[in-house]
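The values are calculated or read from the model by the stated rules, or taken from the named source; none is laboratory data. Quick caveat, the model's predicted, so the values are computed rather than measured. Positions of Cβ are backbone-derived with ideal geometry, glycine not excepted, and every protein chain shown enters the neighbour counts. Accessible surface areas use protein heavy atoms only, side chains included; no ligands, DNA or RNA. Shrake-Rupley method; radii C 1.70, N 1.55, O 1.52, S 1.80 Å.
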Amino acid sequence: MLLGDRYRGFKAGANVLSAALGLAIAVALLQGVHARGPAAFGVYLPGNWPVPFGIVLVADRLSALMAVLTGAVGLAAALYALARWQQAGVYFHVLFQLQLMGLYGAFLTADLFNLFVFFEVLLAASYGLLLHGGGAPRVRAGLHYIAINLVASLLFLVGVAVLYGVTGTLNMADIALKLPLVPVSDRGLLHAGAAILAIAFLAKAALWPLNSWLPPAYAAASAPSAAVFAILTKVGVYAVLRLWTLCFPADAGASAGFGSGVLIWGGIATLGFGAVGMLASQQLARLAAFSVIASSGTLVATIGFDAPALSSGALFYLGSSTLAGCALFLLVELLERARQVEVGPAEIDDGNGALPSFLDADIPAGVNLDDDEEVLAGRAIPAALAFLGVTFTVCTLVTAGLPPLSGFVAKLAMLTALLDLRTTAAWVLFALLIVSGLCAAVSLMRVGMRHFWAADRPSPRLRVIETLPIAGLLAGAVAMVLHAGTVLDYTRACAEALHDPGLYIDAVMSARPLPGGHGEARP
């Protein structure tokens, strides 16, 4: 930040290197906690203060998974921005790193107030990234986005204050321990504070009807910014999943399952809204934004059922939809660039207003010619158009949940789990998952026909640095299918730990400061 407008190459290199190191550390963290078996928790006390008085960072399977997704999305967007978007503003790399710091912190913190702090860090950075590049559409959408999120942040702070007043602590594990001890006279205040906090989280998770800000904001943002924004809504989903399973499990007494109906039916409404929005969208950027809303609604609805098997499929879906959404936002700009180089058919005029020669030429039977009367058979597809076509097809398959890619595996896992629940809400979500997939497929195929089949156009010029991030993200989605058994085992273990909050509580509360210095806390 102190370098100002100087040394852009150095700042770009530092940004990419930092993003790559962040991804590598996140992968190592995921492998480390998963290798611990049932006790898959790493607890760190940055100030070496005893729990619950000091700041606590906790890595479990869920937070490690979210950190890996953050690292993958961050590295892809940082690489893509090197082509042109880093030149559109002085502090792009600074804002980008602040965005990643806020995301990593939100996923690793075990303290409500620090969760609020990291929320504000990532939101402040997102305000700058949304306005990056300027222009009236970005300013208009940015002001709406900022206003909504400032209100949500205020509600967040109010909810935290109410919960602190009732429980006397802000450590998540300590709150979960003290909730059953809250007297009946304060139970209403406890539920009010939890509801206020939930509104803040669900607004950030784009739950209907709190999501009017998302389509215009994400559609107006630059491609690398929108790609990072693909995981911002997942922060709200993560916060709901973490706190709801921790504080309102089945054995929480009078507060057991508090708000489950709101999560289920609100998520179902959001999924339906996102599916209709995709059908109604005429711009690919808005369609991608509505696909984010649909994925968020799916995840929120699954949380409310409090079913480990369903949560396992939902976590698989979370990873798949995040990678595909990020890739789709990066593809938007390249596809629009391809449309801008469109040219019409070459016409030959004999000076008397004659028709184009290909309309009255003597065309041999059975030969397929183009507008210039050249045989199409055996002609190679330009590499750039082939890349756009293949990657867009992969995005479509993953987003719509069509076989054989990761979106299909995720939806199949969720549909199988819903069949075992046998409730009205489960049947509604079952049907809507199928219908929303159909809506996504129709919408994306319509866009594909408009971009690839509607007109003959020259091949656009793509830079390698623009194509590598997209290919890498979609390779991650393909890898999830090739190693589906391993990934599902991971998400199953993650879901079981989430629905057994005693493991998380014991790991955090048993941590002790290390004598004589800082370091990893050991029980």
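Miscellaneous remarks
- Test: T322 is of a type in the set (V, I, T), at pLDDT 90 or above and under 16 Å from I470 (Cα atoms): yes
- Against the criterion of being of a type outside the set (D, E), open to solvent by less than 20 Å² (accessible area, probe 1.4 Å) and within 21 Å of K234 (Cα to Cα), L57 does not qualify.
- Test: residue in segment 137-150 that is under 20 Å from the mean Cα position of the chain (by Cα), at negative phi and without any contact (Cβ under 8 Å) to a residue 40 or more places away in the chain: yes
- Selected residue (only one of L65, L108 is in contact with a strand residue (DSSP E or B) (Cβ under 8 Å, 6 or more places away or on another chain), open to solvent by 20 Å² or more (accessible area, probe 1.4 Å), at pLDDT 85 or above and within 14 Å of V235 (Cβ to Cβ)): L108
- Out of A40, A81, A35, sole residue that is closer than 23 Å to L473 by Cβ and aliphatic (A, V, I, L, M): A81
- Every pair of residues 6+ apart whose Cβ atoms lie under 9 Å, when the first sits in segment 414-439 and is in contact (Cβ under 8 Å) with a residue 12 or more places away in the chain while the second is surrounded by fewer than 14 Cβ atoms within 10 Å (Cβ to Cβ) and aromatic (F, W, Y): L418/W427; L421/W427
- Selection within segment 251-278 - of a type outside the set (A, V, I, L, M) and assigned to a helix (DSSP H, G or I): G253, S255, S260, G261, W265, G266, G267, T270, G272, F273, G274, G277
- When I231 is tested against (1) open to solvent by 10 Å² or more (accessible area, probe 1.4 Å); (2) closer than 24 Å to G105 by Cβ; (3) aliphatic (A, V, I, L, M), exactly one condition is not met: (1).
- Residue in segment 136-153 that is nearest to L210 (Cα to Cα), counting only those that are small (G, A, S) and open to solvent by less than 40 Å² (accessible area, probe 1.4 Å): A152
- Positions within segment 279-302 being over 12 Å from the mean Cα position of the chain (by Cα), at pLDDT below 90 and in a helix (DSSP H, G or I), in sequence order: L279, A280, L284, A285, R286, L287
- A239 falls short on exactly one of the conditions (1) hydrophobic (A, V, I, L, M, F, W, C); (2) at pLDDT below 90; (3) open to solvent by less than 10 Å² (accessible area, probe 1.4 Å), and that condition is (2).
- Test: residue in segment 196-211 that is of a type outside the set (S, T, N, Q), open to solvent by less than 10 Å² (accessible area, probe 1.4 Å), touching a His at 6+ places or on another chain (Cβ under 9 Å) and outside any helix (DSSP H, G or I): no
- Selection within segment 159-195 - closer than 24 Å to L45 by Cα, open to solvent by less than 50 Å² (accessible area, probe 1.4 Å) and aliphatic (A, V, I, L, M): V160, L163, L170, M172, A173, I175, A176, L179
- Pairing residues of segment 490-509 that are touching a residue at least 24 places away in the same chain (Cβ under 8 Å) and basic (K, R) with residues that are surrounded by 21 or more Cβ atoms within 10 Å (Cβ to Cβ) and assigned to a helix (DSSP H, G or I), at Cβ distances under 7 Å and at least 6 apart in sequence or on separate chains, gives R492/S312.
- Within the set R8, R61, R84, the sole residue that is charged (D, E, K, R), over 26 Å from D500 (Cβ atoms) and in contact with a His (Cβ under 9 Å, 6 or more places away or on another chain) turns out to be R8.
- Members of segment 90-105 that are surrounded by fewer than 20 Cβ atoms within 10 Å (Cβ to Cβ) and at pLDDT 90 or above: L98, M101, G105
- Flag for L444 being closer than 28 Å to Q282 by Cα, modelled with pLDDT under 90 and in contact with a helix residue (DSSP H, G or I) (Cβ under 8 Å, 6 or more places away or on another chain): yes
- Residue check, A125 touching a Ser or Thr at 6+ places or on another chain (Cβ under 9 Å), open to solvent by less than 50 Å² (accessible area, probe 1.4 Å) and either modelled with pLDDT of 90 or more or closer than 22 Å to C326 by Cα (or both): no
- Note on segment 220-236: residues that are assigned to a helix (DSSP H, G or I) and modelled with pLDDT under 85 amount to 2.
- Out of F113, F156, F119, one residue alone is assigned to a helix (DSSP H, G or I) and surrounded by fewer than 18 Cβ atoms within 10 Å (Cβ to Cβ). It is F113.
- So G71, is it within 23 Å of F41 (Cα to Cα) and either open to solvent by less than 10 Å² (accessible area, probe 1.4 Å) or modelled with pLDDT under 90 (or both): yes
- In segment 1-38, of all residues being open to solvent by 60 Å² or more (accessible area, probe 1.4 Å) and not in a helix (DSSP H, G or I), the one that is nearest to A125 (Cα to Cα) corresponds to M1.
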